[in-house]
Amino acid sequence: MWEAQVSHFADDYLCIVPDLPGHGESREQRFSIRSCADELLAYLEKQHGDKDVTVIGFSLGSQVALQMVAQNSRRISRVMLNSASVHPLPMMKKVITPLMYVSHPLVKWRTFSKL
């Protein structure tokens, strides 16, 4: 899933693409977002010391990235999240629902979907 991105950034960055337990090649394992964040932060500490890192997450990976930031925000210099599925504040539902109806047709536009 991440091959194109890793290929693009590999010359300038060390790219680590974890196989989240219960997904990819490790479908039989169970996990929690917190335990996955713990494991990734421990790995980064062991392999990369105190270097700043950029974390990118998609879907469930975004939830893990958010947990990593919550646990160790000093370590993570940048975060990019996509489809995190976090629950908005109740008052935001009044704003988000109309925005979804307005923005959904944009997905069909070739230039919008490639941004």
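The values are calculated or read from the model by the stated rules, or taken from the named source; none is laboratory data. Remember, predicted model here, so these are calculated numbers, not experimental data. Cβ: placed from backbone, ideal geometry, glycine included. Neighbour counts: every protein chain shown. Surface accessibility is based on the protein's heavy atoms, side chains included, excluding ligands, DNA and RNA. Shrake-Rupley method; radii C 1.70, N 1.55, O 1.52, S 1.80 Å.
Observations
- Heavy-atom accessible area order for 64, 95, 6, largest first, 1.4 Å probe: 95, 6, 64
- Heavy-atom accessible area order for 109, 2, largest first, 1.4 Å probe: 109, 2
- Karplus-derived 3J(HN,Hα), 6.51/-1.76/1.60, for each residue of the stretch 63-68, Hz, glycine and proline x: 5, 5, 4, 4, 5, 4
- Area accessible to solvent at residue 43, 1.4 Å probe radius, in Å²: 100
- Label-to-label distance, residue 17 versus residue 4, with points set 7 angstrom from Cα along the beta-carbon direction: 1.2 nm.
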